[in-house]
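The values are calculated or read from the model by the stated rules, or taken from the named source; none is laboratory data. All values reported here derive from a predicted model rather than from experimental measurement. Virtual Cβ from ideal backbone geometry, glycine too; neighbours counted across all protein chains shown.
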Amino acid sequence: MSEEYTPQEVLTEIFTRLPIKSLLRCTSVCKSWYSLIKNPSFITTHLNSNTSPLLLLRHCTENYEEDRYSLHFDNDTLDLYSKLDCPFKSFTGYFKIVGYCHGLLCLSDCHIEPTFLWNPSIRVYVTLPKPSVTFGSHGPHTVVLGFGFDSLTNDYKVVRIVSIDSNGVRYSQEVEVYTLSTGAWRGIRASGSSVSCL
């Protein structure tokens, strides 16, 4: 039996029109489809061609006992796309949304560990490893988090700026960057004045 060949350009055109759930199913059809769909260039093309963006809505119950999430189409009636079960629990009762980019959500439990990267559309999440600067290692400190996409490296990053306190006075800053592709934090040299928001 002979295999029929479909040009990669045709597959790319078809795949860019598929919703993410269908696209993920296609990754298990064959190795060539998997490689095409996981290619960073294709991912960028798919993200840029998405014509029906979704909105993530969060509903906090009274007294912040529980977060409820749902995805809705970005239209006049906010039609429901799907209800979501948050796959992890908060120590404080609710998560702070650090940032959102290309369907990926960064959530923090009041800037204490752990921090999560979550793709609610495909229900996949990553728990970030423990950073090097913690209360146990450095004592009292203030944390500011940021999240975004680095187009130069084609990667998602979380920036963590820690102001270390001593007797109520901030005396130094430590900056750490988590890179999704490496799955690790790395320290970078901080300069300038104290940062209170990001």
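Can you name the condition, by its number, that K157 falls short on among (1) at pLDDT below 95; (2) part of a strand (DSSP E or B); (3) within 18 Å of the chain's Cα centre (by Cα); (4) of a type outside the set (D, E)?
So K157 meets the others, but not (1).
Output the residues belonging to the stretch 1-44 that are under 20 Å from N154 (Cα atoms), surrounded by 11 or more Cβ atoms within 10 Å (Cβ to Cβ) and hydroxyl-bearing (S, T, Y).
T12, T16, Y34, S35, T44
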